[in-house]
1. Quickly work out the E87-to-D162 label distance, labels modelled 7 Å from Cα along the C-beta direction, and quote it in nm with one decimal.
2. Pull up all non-local amide H partners of S123: gap of 5 or more, or a different chain, and H-to-H distance under 5 Å with H placed in the peptide plane.
3. Taking a cut-off of 22 Å, what percent of all Cα-Cα pairs in the stretch 82-180 are separated by more than that?
4. Would you mind checking which residues have amide H under 5 Å from E99's amide H? H placed 1.01 Å from N; only 5 or more apart, or other chain.
Amino acid sequence: MINVPRPLIAAAAALSLFGLSSCALGSDSGGSGDGAGSPTSSDSAALENFDPCTFFKSDELSSYGVSTQAEEFTQVSFQPGCTWNGEKMDIALQKNADETVQSLEKGGSYDSYEHINIAGRDSARMIAPGFTGQGACITVVPAGGGVALYQLTAYMRDSVADPCGEIEKIAEQTASRLPE
């Protein structure tokens, strides 16, 4: 079994997100903010004051097995966020006011993009191209007219038995605190 080092996975995941976000940014599906197309500026204003870096509580982070110290994880200016490192995995949370669950699906190519429900919100499970079975998963949750991206990257591809299940559990426990 080949294990891919964490920095390689994190870098590739960040590049994949950049590619899918920048592709979808160019589409204009009416801007209704109803989740069908791109959010309008008034819809995405709810995300403006949301800080992904202070979102998780210390006891939550400890229970996930990651540090309580956030590290900057902003690969592109329109998708700011933070990451928390652990021995077996890292988790990250980013926000993107320019995307919706639907626009990301239409604007990118993925190994997998499945619609799921997180805390009563129509969300998605996303695996970036080339990352099936590599210990990485992203949960996309609507928030404040845009999206919040919960990401899990295992230290080794088999460090976390079910990366999507783990990050979805974290999202399910915390998404009710995201902006509506």
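1. 2.3 nm
2. I116, N117, I118
3. Details: 1097 of 4851 pairs.
Cα-Cα pairs of the stretch 82-180 separated by over 22 Å account for 23 percent.
4. V147
FYI, it's all coordinate maths here, none of it is from the lab. Source: prediction; values computed, not measured. Glycine also receives a Cβ, built like all others from the backbone with ideal geometry; neighbour counts cover every protein chain displayed.
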